[in-house]
1. Are there any pairs with C-beta distances below 6 angstrom linking a residue in the range 142-163 that is over 20 Å from residue 181 (Cβ atoms) and modelled with pLDDT under 90 to a residue that is in a loop (DSSP other than H, G, I, E, B) and open to solvent by less than 80 Å² (accessible area, probe 1.4 Å), with the two at least 6 apart or on different chains, and if so which?
2. Can you pull out the residues in the range 1-30 that are of a type in the set (A, V, I, L, M, F, W, C), touching a residue at least 60 places away in the same chain (Cβ under 8 Å) and either under 16 Å from residue 89 (Cα atoms) or in a helix (DSSP H, G or I) (or both)?
3. If you scan the range 185-202, which residues turn out to be assigned to a loop (DSSP other than H, G, I, E, B), under 29 Å from the mean Cα position of the chain (by Cα) and under 16 Å from residue 233 (Cβ atoms)?
4. What number of residues within the range 152-177 satisfy the criterion of being loosely packed, with under 13 Cβ neighbours inside 10 Å and under 23 Å from residue 38 (Cβ atoms)?
5. Testing residue 87 on (1) of a type in the set (Asp, Glu); (2) open to solvent by less than 80 Å² (accessible area, probe 1.4 Å); (3) not in a helix (DSSP H, G or I), one condition comes back false. Which one is that?
6. Please list, ordered by first then second residue, the pairs with beta carbon atoms under 6 Å, 6 or more apart or interchain, first in the range 178-203 and open to solvent by 90 Å² or more (accessible area, probe 1.4 Å), second assigned to a helix (DSSP H, G or I) and not hydroxyl-bearing (Ser, Thr, Tyr).
7. Among what's in the range 64-84 and is of a type in the set (Asp, Glu) and under 17 Å from the mean Cα position of the chain (by Cα), pick the residue that is least open to solvent (accessible area, probe 1.4 Å).
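The values are calculated or read from the model by the stated rules, or taken from the named source; none is laboratory data. Given the structure is predicted, the values throughout are model-derived calculations rather than measurements. Because the Cβ atoms are built from the backbone with ideal geometry, glycine has one as well, and the counts that use them run over all protein chains shown. Surface areas here come from the heavy atoms of the whole protein model, side chains and all, with no ligands, DNA or RNA. Shrake-Rupley method; radii C 1.70, N 1.55, O 1.52, S 1.80 Å.
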Amino acid sequence: MLEQRKEKVTTTYQRLKKSGKLSANLLHPTTANLRNECVIVFSKCPDERIRSILKGFGVEISIAADIRNIDPDKFRPLRKFILEEIENPNIQTVELLAWLLKFYDAEIQPITNPIKTPIYKQKYFQIVAVLLLLIAIYVVWPRPKCMYWDGSAYQQKDCNQAAEEELKAVRLDDSKLKRFKRITRPDTINYKDIGRVWYMKIDTVPDFFTDSGMHPVDEEKQLKPITKYIIDKYILKKKDTTVVGG
């Protein structure tokens, strides 16, 4: 059963790849891209079975944005399955890929376990009461808040709205919302900022930030504390060059 399911899923992946129907994340299945693809698909097609599988990665999944809290390395078996580097994937890995592919191809269907539902009568007012209760809970229940990186700072955003706009949103962190900024004027940095400024080089050019943590765009990279060497090489040297050039 699993062998047939695995063959069906891999064949579907190759067919969609050749027809150009796959997303960029699935065409280039890095662990980070696969995590991002799960966020996008879950926001549009939430599935309780997939929620259970992702929960097994050690993170409680309430909304699509929660998937971003999963360590990208947890998606390594899925990446190996897609690249055909693993011969015996487990059922969770196979079903995770089947779910992602189903978003682009209606032919592949999830494995279902039919359960006989007991048939019983309910009075009309009981159904109405339950519906009214659910509506009341939906209205008054506090909705989770998210934030997204706009290039210079984190901005607060409703989680559902962020998912609809396909923004790379994460769970709201009040501390990061207030303190974590990109320094747009690196020439203002000096030796007094050692211990108060962090950096990360992207394409050999460093970005400077007002707080520690992971890079807001490349979440697999940890920011480093600024040092005298970095200040001398990328800030003071550039100032000297500007003055001489002027």
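1. 144/63; 159/63; 159/144
2. 2, 9, 16, 26
3. Once the filter is applied, which keeps residues that are assigned to a loop (DSSP other than H, G, I, E, B), under 29 Å from the mean Cα position of the chain (by Cα) and under 16 Å from residue 233 (Cβ atoms), the range 185-202 yields only 197.
4. 4
5. Exception for residue 87: condition (2).
6. Cβ pairs passing all conditions: none.
7. Ranking the candidates gives 66 first.
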